[in-house]
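Q: Just dropping this structure here.
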Amino acid sequence: MANLNDEVAIYQFPFEVFHSIFGYLVSEDRHQLEAGTSQKPIASFTISQVSQRWRDIALGLPFIWTNIRIFHFCDSQRAMVKELLVRTKGLPLSITLKYNKPLTAAQNKNCWDILLEIMSCASRWETLRIAVNEDLFAQICGNFGGRQAPILQRLELIILGFGKWQPHRRMSPFIVSPLYLELSHTHLLRHLVLFGVRLRMPSPTYMEKLEVLSLDYTPGMDMLDRPSLPAESPPLQTRLRDLSLRGLVFRNLPTRSYLSEYTAFLTTLSLSNMFGHQSADVTTLFKHLPTITLREFSLLDVDFAFWNGFLNSMVGPDPRYPAVEKLCLQNTLEEYSVPITQLPLTDFIQGFPKLEILNLYNVHHITNSLKQCAIFPCIHTLRVRGLRYRDLCEVDTPPLLDLSSLSWLQRKVPNFKRDPMDKAY
């Protein structure tokens, strides 16, 4: 069969064409993994099983084997990791370890064999993502600290289930995990995610080179609790453009705070899991966060006190967020006897003069107010979820919408019928 396949046109392609095809498949595979949309088998394995010819070509391309994923600790996984490290021939590695189950005795041995293999090649890490339960992370932090990672560009350390938000239930922000992982020589680090874990470095200057940063309460408070910057010191150097903060507790921020200068040039900001704060403290927080440079802004899973503090921060003669093009609001909760507050249309809508995309997920009190005036002037996409049809039927919606924009369907499509239970999906 191998000889017959050699006559097929695709098998007559030169080596360079296969190099490009395989490279594209592997890069697309890695993109889906980083976006959190795939746990499929590694593309290089699929490629190598098409035919003997493809397998020979694949084994001669070390770069397609550098994406190593670990989702279990069976014997086959241990053998696979060792084989992949050989096939990569010293190239930079992208490693993902995700596991959230108790380990059996056999799995525990395989786990440590695999971890030893991974940690022994720290000098080759380009991307490292560890998302495991707290018990396993404690063992990792206790035994594998102090590694040097000179080419590491993307690092994600996540304790699965730590501080997980649940509807109508506050997460105590004072539950602090004592775990930390120590690394050094991370001069190229640009993307950092820390959930439930602190990162210990010889020098805090690595923060000045980060471009993407996502933190929960544990490492986030390290940033917020920094002392005030001296009045005579020069502006803080920062490359940060994308910041996500989850479940923080606010302190008395100084006039010249580390937070305000470190986030001075943000283009993307996400705040989530914010509960139990005073509205005045929330308003103060927003005075320390950027407004002019933002392009995307998200408020996810917050209570009404936080929401009202955000609205109060927008009061003023000038648009608060003049460059924001995408706004996502999700799960602003009605707690206890807090009344539903009406949206201050003049400040809120005028605060986003260039808004093009608006996502409203489970925010009934906002759509009630939008009935009263025209929606944002530049908007072209409205996405909704968890809202009744009647709450949207009078909204002056834009001409180009996705299928979930029910008000447009209701007004523009004569045969569209409202669900009798008044549910929106």
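Q: Would you mention how many residues in the range 87-96 are buried (at least 18 other Cβ atoms within 10 Å of the Cβ) and touching a residue at least 40 places away in the same chain (Cβ under 8 Å)?
A: 2
Q: Within the range 67-86, track down each residue that is basic (Lys, Arg) and either open to solvent by 40 Å² or more (accessible area, probe 1.4 Å) or touching an Asp or Glu at 6+ places or on another chain (Cβ under 9 Å) (or both).
A: Filtering the range 67-86 for residues basic (Lys, Arg) gives 69, 78, 82.
Across the range 67-86, the qualifying residues are Arg78, Lys82.
Q: Something else about it: Consider only pairs whose beta carbons are under 9 Å apart and that are at least six residues apart or on different chains; among these, list those whose first residue lies in the range 57-81 and is farther than 18 Å from Pro102 by Cα and of a type in the set (Ser, Thr, Tyr) and whose second residue is assigned to a strand (DSSP E or B) and open to solvent by 10 Å² or more (accessible area, probe 1.4 Å).
A: Close Cβ pairs satisfying both conditions: Thr66/Glu126.
Q: Does the range 49-68 include one or more residues that are of a type in the set (Ser, Thr, Tyr), modelled with pLDDT under 85 and not in a helix (DSSP H, G or I)?
A: yes
Q: Another question, if that's okay. Looking at Ile130, is it closer than 16 Å to Leu179 by Cβ, buried (at least 18 other Cβ atoms within 10 Å of the Cβ), among the β-branched types (Val, Ile, Thr) and out of contact with any Cys (no Cβ under 6 Å at 6 or more places or on another chain)?
A: Considered against the rule, which asks whether it is closer than 16 Å to Leu179 by Cβ, buried (at least 18 other Cβ atoms within 10 Å of the Cβ), among the β-branched types (Val, Ile, Thr) and out of contact with any Cys (no Cβ under 6 Å at 6 or more places or on another chain), Ile130 comes out as yes.
Q: Shifting gears a bit: Of all residues being over 19 Å from the mean Cα position of the chain (by Cα) and charged (D, E, K, R) in the range 318-336, which is modelled with the lowest pLDDT? Just the residue, please.
A: Glu335
Q: Run down Pro227, Pro202, Pro254, Pro234 and say which single residue is surrounded by fewer than 19 Cβ atoms within 10 Å (Cβ to Cβ) and without any contact (Cβ under 8 Å) to a residue 12 or more places away in the chain.
A: Pro234
Q: Of all the residues that make up the range 300-316, how many are open to solvent by 20 Å² or more (accessible area, probe 1.4 Å) and part of a helix (DSSP H, G or I)?
A: Selection size over the range 300-316: 3.
Q: Filter the range 97-113 down to the residues that are surrounded by fewer than 20 Cβ atoms within 10 Å (Cβ to Cβ) and either touching a strand residue (DSSP E or B) at 6+ places or on another chain (Cβ under 6 Å) or of a type in the set (Phe, Trp, Tyr) (or both), then identify the one that is farthest from Leu160 (Cα to Cα).
A: By that ranking, first place goes to Trp112.
Yes/no matrix, rows are residues, columns are (1) of a type outside the set (Lys, Arg); (2) over 30 Å from the mean Cα position of the chain (by Cα); (3) modelled with pLDDT of 75 or more:
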site	(1), (2), (3)
Ala35	yes, no, no
Pro41	yes, no, no
Leu93	yes, no, yes
Ala105	yes, yes, yes
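The values are calculated or read from the model by the stated rules, or taken from the named source; none is laboratory data. For clarity, every value in this text was computed on a predicted model and none was experimentally measured. Cβ coordinates were reconstructed from backbone atoms using ideal geometry, including for glycine residues, and neighbour counts include every protein chain displayed. Calculation scope for accessible area: heavy atoms of the full protein, side chains included, ligands and nucleic acids excluded. Shrake-Rupley method; radii C 1.70, N 1.55, O 1.52, S 1.80 Å.
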